[in-house]
Amino acid sequence: MLFADTRLTLGLALPMQERERNDIDFGLQLELARRADELGFSALWVRDVPLNSPAYPDPVGHSEPWVLLGALAAVTRSITLATGAIVLPLRHPLHIAKAALSMDMLSSGRFVLGLGSGDRPSEFSTFGHNLDDRRELFRSNWTKLRDALHGTVAQQTSADQFDIRPRSGRAIPLVAVGSSSQSLEWIARNAGAWMTYHRPLAAQNDRIALWHRAVHRTTSEFRGMGQAMALDLVDTSSDRLEDINLGYRTGPEGLLAALAAFRAAGVHHVALNLLVDRRKAFSDLEIIAREVLPRLGESAELRASP
């Protein structure tokens, strides 16, 4: 289980490669995914970036997420495969439902569907949508997608009855990624978990507290809390954290300290974004697996950490 109240899990964001104006290195990502699975990481997160532009801050040419996810399912056995996030207003919800159900079957129930609202006005206009409509479009598409995943396809003009197959026999977890242009109460009511981006700890603590209050006001069911975090792992025994864009530069002890602080604040999952070349990517995975992952199970220690 990716989100659980009793523990913190650690995942990885793809692609793991240098941020240069290059296309995704499929072979490298599959090698890294296979190794991350062997080492015991909890999840691989795949982004949905429909269009690149010079103004977009991430220069990597991301793949079509469903294509990459299918390949990841074929080379891994245990690790959760997640989207972070499918841009719900720019894709038809029935197509998403079909792809999600197929992925869940292909991965033997290892799929988590993360959904976001998108934020680039020019991208929305290219797809024939207005960015100002994304809040209502996200809600409407969420409802249609949720119903389709549950076996109901809303009819418009056709008298035919439809369903979507294949069906995995389980409820696919739905995660809201980013604000999705919704209130935290709406997310707590409709999603099983909320993933947000990295902020400095004081600001993040406030956001985490707001989330848990929203959950408490909205539902008696458990709702997960996760965040992404950029990591530049360095060879040091110090636990010093140096701020970088959307994350930290630190060693294994500093990473453990950061994870302990997030866990104490109420985070259940952290997705690491390693901005590294091939050699360092494999090296970082080995170091984290050897020096960090075994100690994540010490939930009492993490909860007690300042």
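The values are calculated or read from the model by the stated rules, or taken from the named source; none is laboratory data. Remember, predicted model here, so these are calculated numbers, not experimental data. Quick reminder, even Gly has a Cβ in these numbers, built from the backbone with ideal geometry, and neighbours come from all protein chains shown.
Could you check how many residues of the stretch 48-64 are more than 19 Å from ASN141 (Cα to Cα) and surrounded by 15 or more Cβ atoms within 10 Å (Cβ to Cβ)? Even if it seems obvious, please write down each step before you answer.
Step one: list which residues in the stretch 48-64 are more than 19 Å from ASN141 (Cα to Cα), which gives 51-64.
Filter once more, keeping what is surrounded by 15 or more Cβ atoms within 10 Å (Cβ to Cβ): 52, 60, 62-63.
Counting residues in the stretch 48-64 that are more than 19 Å from ASN141 (Cα to Cα) and surrounded by 15 or more Cβ atoms within 10 Å (Cβ to Cβ) gives 4.
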Open item on the list: Let me spell it out: the conditions are (1) surrounded by fewer than 16 Cβ atoms within 10 Å (Cβ to Cβ); (2) more than 26 Å from GLY151 (Cα to Cα); (3) among the β-branched types (Val, Ile, Thr), and VAL67 meets all of them except one. Which number is the exception?
Closed with: (2)
Task: Which numbered condition LEU88 misses (of (1) buried (at least 19 other Cβ atoms within 10 Å of the Cβ); (2) farther than 23 Å from PRO166 by Cα) - done: (2)
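Name the helices (runs of 4 or more DSSP H) wholly within the stretch 64-180 that hold at least 2 residues that are among the hydroxyl-bearing types (Ser, Thr, Tyr) and farther than 15 Å from VAL46 by Cβ? I'd like the intermediate steps shown before the answer.
Values: elements: 65-75, 93-106, 121-126, 134-149.
Once the helices (runs of 4 or more DSSP H) in the stretch 64-180 are filtered for at least 2 residues that are among the hydroxyl-bearing types (Ser, Thr, Tyr) and farther than 15 Å from VAL46 by Cβ, what remains is 121-126, 134-149.
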Open item on the list: Can you tell me which condition ARG165 does not meet? The list is (1) touching a residue at least 40 places away in the same chain (Cβ under 8 Å); (2) in contact with a strand residue (DSSP E or B) (Cβ under 7 Å, 6 or more places away or on another chain); (3) of a type in the set (Lys, Arg), and all the others hold.
Closed with: (2)
Task: Number of the exception - MET195 against (1) assigned to a loop (DSSP other than H, G, I, E, B); (2) within 30 Å of ASN130 (Cα to Cα); (3) of a type outside the set (Gly, Ala, Ser) - done: (1)
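Considering only residues of the stretch 208-231 that are of a type outside the set (A, V, I, L, M, F, W, C) and crowded, with 17+ Cβ neighbours inside 10 Å, which is farthest from HIS269 (Cα to Cα)?
Ranking the candidates gives THR218 first.
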TODO: Please find, within the stretch 157-211, the residue that is modelled with the lowest pLDDT out of those that are out of contact with any helix residue (DSSP H, G or I) (no Cβ under 6 Å at 6 or more places or on another chain) and of a type in the set (Phe, Trp, Tyr).
DONE: PHE162
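I'm trying to understand the selection: among the residues of the stretch 250-266, which are over 15 Å from ALA202 (Cα atoms), in a helix (DSSP H, G or I) and of a type outside the set (A, V, I, L, M, F, W, C)? First the steps, then the outcome.
The first filter runs over the stretch 250-266 and keeps only residues over 15 Å from ALA202 (Cα atoms), leaving 250-256.
From what is left, the residues that are in a helix (DSSP H, G or I) are 252-256.
Matches in the stretch 250-266: PRO252, GLU253, GLY254.
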Task: Search result, residues across the stretch 47-82 that are at pLDDT 95 or above and either among the small types (Gly, Ala, Ser) or under 20 Å from ARG135 (Cα atoms) (or both) - done: GLY70, ALA71, ALA73, ALA74, SER78, ALA82
- [ ] Could you grab me the full set of residues in the stretch 220-246 that are in contact with a helix residue (DSSP H, G or I) (Cβ under 7 Å, 6 or more places away or on another chain) and more than 28 Å from VAL46 (Cβ to Cβ)?
- [x] SER237, SER238, ASP239, ARG240
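Is it the case, given these coordinates, that ALA265 is touching a residue at least 40 places away in the same chain (Cβ under 8 Å), over 21 Å from ARG290 (Cα atoms) and over 15 Å from the mean Cα position of the chain (by Cα)? Before the answer, list the steps.
Numbers: touching a residue at least 40 places away in the same chain (Cβ under 8 Å): yes; over 21 Å from ARG290 (Cα atoms): yes; over 15 Å from the mean Cα position of the chain (by Cα): yes.
In short, yes.
Residue by residue through the stretch 92-121, note down the ones that are of a type outside the set (A, V, I, L, M) and crowded, with 19+ Cβ neighbours inside 10 Å.
Quick first cut of the stretch 92-121, residues of a type outside the set (A, V, I, L, M) only: 92-93, 95, 98, 102, 104, 107-111, 114, 116-121.
PRO93, SER102, ASP104, SER107, ARG110, PHE111, GLY114, GLY116, SER117, GLY118 - these are the residues of the stretch 92-121 that are of a type outside the set (A, V, I, L, M) and crowded, with 19+ Cβ neighbours inside 10 Å.
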- [ ] Would you mention how many residues in the stretch 1-41 are among the acidic types (Asp, Glu), surrounded by fewer than 16 Cβ atoms within 10 Å (Cβ to Cβ) and closer than 24 Å to GLY224 by Cα?
- [x] 1
Open item on the list: Please go through the stretch 212-236 and give me each residue that is in contact with an Asp or Glu (Cβ under 9 Å, 6 or more places away or on another chain) and without any contact (Cβ under 8 Å) to a residue 24 or more places away in the chain, ordered by number.
Closed with: VAL234, THR236
Open item on the list: Name the single residue that is nearest to THR9 (Cα to Cα) among those in the stretch 254-292 being surrounded by fewer than 17 Cβ atoms within 10 Å (Cβ to Cβ) and among the acidic types (Asp, Glu).
Closed with: GLU291
